[in-house]
1. Please provide three numbers in whole Å: the alpha-carbon extents of region 128-203 along the principal axes, with the largest listed first.
2. What accessible area per residue, rounded to a whole number of Å², is obtained for region 1-40 using a probe radius of 1.4 Å?
3. Across the chain, how many lysine pairs, 8 or more apart or on two chains, come within less than 22 Å at their alpha-carbon atoms?
4. 7 Å from Cα along Cα→Cβ at both L222 and Q201: what's the point-to-point distance in nm?
5. Give the Cα extents of region 1-138 along the principal axes, in whole Å, largest first.
6. If you take every residue apart from Y7 with its C-beta less than 14 Å away from the C-beta of Y7, what net charge results, scoring Lys and Arg +1 and Asp and Glu -1?
7. On C-alpha positions alone, give me the angle between the axis of helix 114-123 and the longest principal axis of the chain, in degrees, nearest 10.
8. Count charges around L152 for me, please; just the other residues with Cβ under 14 Å from its Cβ, Lys/Arg as +1, Asp/Glu as -1.
Amino acid sequence: MAVLQIYDRLLQFPLFQGMSRDDLEIVAGHTRFGFQKVTAGRQIIHAGDPCTHLYFLINGTLKIETFSDDSRYSVIEQMSSPYILQQESIFGYYQRYTHNFYALTDANFLTLDKEEVVRLSEDFLVFRLNLMNHLATQSQKLIQMQWRRSPLSLRERIVRFFFQHTLYPAGPKTFHILMERLAEEVNDSRLNVSRALNRMQEAGVLELHRGRIEIPQLERLLM
């Protein structure tokens, strides 16, 4: 990929926003970026794979699948470019991916190995601050989550469960979960959970199937 094309692509991503034109030209011209094209339907990353590179999705749409620790339920969602795959996993205690990533459409990536990420952090203050801001924001969101008001109703507990188990709080989501397990998660009976979900289905905010809940637009659950 030509330097000018890389320059244009980098402007899409928060890690490079705020950098001067001169710095971006240096990054585009002197950084060892890889380029990867993945056809629709192929798996890109398996949960548990070591995170040795940053993957910058420059075009296309991904399907992201996440399983619970005991593998008894999972969530599928979509993410479109521009998007960086789990950039927080390249550092820290657990440097592995925790989601399965598939190409929902043909997809193109710029890739950057960890050594280059470290070098860019050392050479460019804005890049380092952008990376720190991303990590700090994630940490702050997790801390704030512990201090939110407890849900007052079963419907609110179900909605919170859906939001807490997604990467992005909007768009289509698919939950593969049995009614009994969802009842355990929200600390209520299967019958009450079934009734609450059926009322939500009647309101048009989700669709119930055997062992599967389809949510066309997650944000509508808050209306």
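The values are calculated or read from the model by the stated rules, or taken from the named source; none is laboratory data. If you're wondering where the values come from, they're calculated on a predicted model, not measured in any experiment. Using ideal geometry, Cβ is built from the backbone for each residue, glycine included, and neighbour counts are taken over all protein chains shown. In case anyone asks, the SASA skips ligands and DNA or RNA and just uses the protein heavy atoms, side chains included. Shrake-Rupley method; radii C 1.70, N 1.55, O 1.52, S 1.80 Å.
1. Ordered largest first, region 128-203 gives principal extents of 50, 26, 22 Å.
2. On the way: 2430 Å² over 40 residues.
Heavy-atom SASA per residue in region 1-40 reads 61 Å².
3. Working: K37/K63; K37/K114; K63/K173; K141/K173.
Pairs that pass both the separation and distance tests number 4.
4. With each label point 7 Å from Cα toward Cβ, the separation is 2.6 nm.
5. That gives 50, 32, 22 Å along the principal axes, largest extent first.
6. Working: positive: R9, R21; negative: D8, D22, D23, E25.
That works out to -2.
7. Roughly 60 degrees, rounded to the nearest 10.
8. On the way: positive: R148, R149, R155, R157, R160; negative: E156, D188.
With Lys, Arg at +1 and Asp, Glu at -1, the neighbours total +3.
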